[in-house]
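Below: one structure, written as structure tokens.
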Amino acid sequence: MSPNPKRTLPSLSLPAGGPAEYAEPEALAQEPDVDPDAPAARAVPSTQTIHGETRIDEYRWLRNREDPAVVAYLEAENRYTDAVMRRTEGQQELLYQELRGRIKEADLSVPTRHDGWLYYSRTEAGGQYPIFCRRPDQDDGAEEMLLDLNQLAAGHAYFRMGAFEVSPDHRLLAYSVDTTGAEAFTIRVKDLSTGELLAESIERTSPAVAWANDSITLFYVVLDDTRRPSRVFRHRVGAAPAEDVLVHFEPDESFFLDINRTRSRRFLVLDLASHSTSEVRYASADRPEDEFRVVEPRRQGVEYSVTHGGDRFYIVTNDDAPNFRLVSAPVDDAGRANWSPVLPYRPEIKLDSAEAFARHLVIWEREAGLRRLRVLELASGAEHLVSFPEPVYTVRGQENLEFDTAVFRFSYTSLVTPNSVVDYDMAARTWTVRKQTEVLGGYDPTSYRSERVFATAPDGTRVPVSLVYRLPLERDGRRPLLLQGYGSYGYSFDPAFSSNLLSLLDRGYVAAIAHIRGGEEMGRAWYEDGKLLNKRNTFTDFIAAAEHLVAEGYTSPDRMAINGGSAGGLLMGAVTNMRPELFQAVIAEVPFVDVVNTMLDPSLPLTVIEYDEWGNPDDPAYYQYIRSYSPYDNVVSKDYPHILVTAGLNDPRVAYWEPAKWTARLRARKTDRNRLLLRTNMGAGHGGASGRYDYLREVAFKYAFLLDVVAPTCHPERSEGGMPRRMVPSLRSG
């Protein structure tokens, strides 16, 4: 779940006597192959009347994380999950060793050139986190270690770095860390010339920071009580944070703030955005005490973003262009009255963003579900598309710190091609693969095939589905299949290579991605048709994709598993309520399943800003519509598939109680004896484990669950010992 909106409701109080107790599992010490009794949360009805409907929430007490009974219940669920999964421990270890065996543990990133320095990161065998370094842009330049995240993470169960910004003079480093998973970061400043960590410590910030050109002034963003980035401050290195100057406060609770400096280094840019409206302000990076000026005042429903080159701003906007257009404006008067067309509105092409360089403009666009790169030469106006070698692929931006360059760096991947870092010469129109991720143990891409098929939704819409599988494939319905989806916030779920997925593909699985409405794969209308009062299209698109894969013989309902996280977890809950017989297994990761109750509580992180995504349930029409699909509200007495649910105790995006409440209600109402497991990470947030090895342990756990309940009946190729044969080493280059 992303950010949300605001509104007040009568508070829901617990009944006298406090939270309900849970029933401790009675059989945790049974044999590993015998399922213990599941913990059962006792129902404590809490009622509230909304728009004439009396709502009963028997598990509301789980919201009180300060009550020992709540933590005890989550821990009981964890013990139950461990007991049920104990018989798969050997499989988990085998999978973990496979996953770890494919990665190059001691590795080096492609260095990024910046002002005579080469910045890069490296990993060491056994290290959970990267080490950030630099060296002079010379062959014999000595390495300087800037930050060893393994040292910073020592003693913490969770660790995540937010900001990492070197000052313009390359003397200071501003970085921030989160050690709980709650996404509230602490900023520190390090003197790179001495290695000294300076005294100031700025807490409760977002990952956004920006240096002014004096290399002394630092801008940062502070979170409010709902963890909304709402205030921008100006800090002078060496001064006490209490003396920092408030630059901007955003009172509209549906807006988030971000701060950055343009690649040209001329401007500091303050981005203010909701899910449907944006506003950009800017100030000279040479004069950090100047007031920020507005490019174009916000207008409801109008979005725009800004990049700077030469004496102009280049602006991507949906003003009079649903799929966005590109305009430019003089930097001294950048309002709409002075906008000049650069690329006209093209209904069939979604314009995502633009990046300005000294002599070129790189434009990110999307057509027919595929992302494209268009390069525009500023002097001549000549433009061209970058060509890619496969019909279905994913291209993403990389760090491009230099402004005066003809080289643009991006990454390229597909479902069968490992990620490649590419330097593209915008003038010569040539590309050089700087590095392709190694897949150790032998990987032959010719043993796998990727394809794209189309399902037909109930309203006749054609829904793209990306597939990858190991050859040969006989479409007899016997293959197990893992279908993934997301479908919210206009996020496009693009197909990319995962070495982890080979552990399923080599065991006969087909992997599929349903590019459903609510994302933006097929343009802005694709997003609009999957949000607000069109949200159910997201779920029926996914069901149509599943039905199509069955009808075409890729799998069968008793061999199909589905997986989604966060808003994709909402998708999992909704389609499982709607068509439980269509799926054998469900993995719902940090699922946003208690939609009505969350959207009725503006004190929660992300509620107010997300009225633009789901609707405000203060409106009876939106309330009834959200109520019609909210997974928690639609659990009934019937058979459900095998279900694995994950949660993070410190998750600020989807509170732990949403998956916990959903699991408790499912356990109380479902009529089958299929597995229902809840696993809560008691020391992390929305993203789960932060260390790379801990993350692989989590993947191995999920794969072991899948293989235990949707075991393959056939394998494309097996060794005499029953495990997949290793491929002949044949790494692809370029």
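Give the calculated FRET efficiency between Arg79 and Gln151 to the nearest 0.05, with a Förster radius of 30 Å applied to their Cβ-Cβ distance. Present the calculation step by step, with values, prior to reporting the outcome.
Working: r = 33 Å, r/R0 = 1.11.
Efficiency, from the Cβ-Cβ distance: 0.35.
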Practice problem: Just rank Ser387, Ser503, fewest to most, by other beta-carbon atoms within 10 angstrom. | Solution: Ser387, Ser503
Quiz item: Applying the Karplus parametrisation 6.51 cos²θ - 1.76 cosθ + 1.60 with θ = phi - 60° to the phi angles of segment 680-692, what ³J(HN,Hα) value in whole Hz is obtained for each residue in order, glycine and proline being reported as x?
Solution: 9, 7, 7, x, 9, x, 5, x, x, 4, 9, x, 5
Quiz item: Label Glu124 and Ala358 with points 7 Å out from Cα along Cα→Cβ: what is the distance between them in nm?
Solution: 3.8 nm
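When the chain is fully extended, how far beyond the present Cα-Cα distance does Arg673 get from Ala239, taking 0.36 nm per residue of separation?
Numbers: separation 434, 0.36 × 434 = 156.24 nm, distance 6.23 nm.
Stretched out fully, the Arg673 to Ala239 stretch lengthens by 150.0 nm.
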Self-check item: Normalised contact order of segment 296-371, rounded percent, pairs of Cα under 8 Å and 6 or more residues apart
Solution: 24 percent
Exercise. Determine which residues of segment 184-198 fall in the zone a paramagnetic label at Leu246 would reach in this model, i.e. backbone nitrogen under 13 Å from the point 7 Å along Cα→Cβ.
Key: none
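List Asp633, Asp459 from most exposed to least, where exposure is judged by having the fewest other Cβ atoms within 10 Å.
So the residues, fewest neighbours to most, are Asp459, Asp633.
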Exercise. Report, by chain and number, residues whose modeled amide H sits under 5 Å from the one on Ala684, excluding near sequence neighbours (fewer than 5 apart, same chain).
Key: Leu649, Asn650
Self-check item: Estimated inter-spin distance, Ser380 and Asp332, nm [label 7 Å along Cα→Cβ]
Solution: 3.1 nm
Quiz item: What size of dipole, in debye to the nearest 20, comes out for segment 403-521 about its Cα centre when the only charges are +1 on Lys and Arg C-beta atoms and -1 on Asp and Glu C-beta atoms?
Solution: 280 debye
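Could you work out the local net charge near Val302, counting Lys and Arg as +1, Asp and Glu as -1, over the other residues with Cβ closer than 11 Å to its Cβ?
Summing Lys and Arg as +1 and Asp and Glu as -1 gives -2.
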Quiz item: Which of these values of Rg and Dmax of the Cα atoms in Å was calculated from the structure shown: [x] 30.4, 88; [y] 27.7, 119; [z] 26.0, 76?
Solution: [z]
Quiz item: What number, in percent, do you get for the relative contact order of the chain if the mean sequence gap of Cα pairs under 8 Å and at least 6 apart is divided by its residue count?
Solution: 12 percent
Quiz item: Just going by the charge dipole of segment 582-655, with Lys and Arg at +1 and Asp and Glu at -1 on Cβ, which of Leu649, Ala621, Val635 is farthest out on the positive end?
Solution: Val635
Quiz prompt | Whole-number percent relative contact order across segment 256-390, with pairs defined as alpha carbons under 8 Å at least 6 apart | solution = 14 percent
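Using helices alone, I'd like the mean residue ellipticity at 222 nm for the chain: each DSSP H run of four-plus residues gives -39500 (n - 2.57), total over residue count, nearest 500. Walk me through the numbers before you get to the answer.
Numbers: 12 runs with 122 residues, N = 734.
Rounded to the nearest 500, it is -5000 deg cm²/dmol.
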Exercise. May I ask you to derive the FRET efficiency for Asn634 and Arg299 from their Cβ-Cβ distance with R0 = 35 Å, giving the value to the nearest 0.05?
Key: 0.40
Quiz item: Check Ala285: other-chain or 5+ apart residues with amide H under 5 Å from its amide H, H built from backbone geometry?
Solution: Phe267, Leu268
Quiz item: Could you give me the ³J(HN,Hα) list for segment 146-154, computed from phi with Karplus coefficients 6.51, -1.76, 1.60 and θ = phi - 60°, whole Hz, x at Gly and Pro?
Solution: 8, 8, 9, 5, 5, 5, 5, 7, 4
Self-check item: Electrostatic dipole magnitude of the chain [Cβ: Lys, Arg +1; Asp, Glu -1; Cα centre; debye, to 20]
Solution: 1340 debye
Quiz item: HN-Hα J couplings of segment 598-608 from phi, Karplus 6.51/-1.76/1.60, θ = phi - 60°, integer Hz, Gly and Pro as x?
Solution: 5, 6, 8, 10, x, 7, 7, x, 6, 5, 5
Self-check item: Neighbour net charge for Val331 - beta-carbon separation under 11 angstrom, K R +1, D E -1
Solution: 0
Exercise. Distance check, please: which entries in Lys350/Lys702; Lys350/Lys661; Lys638/Lys702 exceed 29 angstrom between their Cα atoms?
Key: Lys350/Lys702; Lys350/Lys661
Quiz item: Considering amide H positions built from the backbone, and no H for Pro or chain starts, which residues 5 or more places from Leu676, or on another chain, come under 5 Å of its amide H?
Solution: Ile643
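Where Lys and Arg each count +1 and Asp and Glu each count -1, what net charge lies around Gln584 among other residues with Cβ under 9 Å from its Cβ?
Details: positive: Arg559; negative: Asp558.
So the surrounding residues net to 0.
None of the figures in this text is laboratory data; all of them are computed from the coordinates on show. Bear in mind the structure is a predicted one, so any value in this text is a computation, not a measurement. A quick note on method: Cβ atoms are made from the backbone with ideal geometry, for glycine too, and the neighbour counts reach across all protein chains shown.
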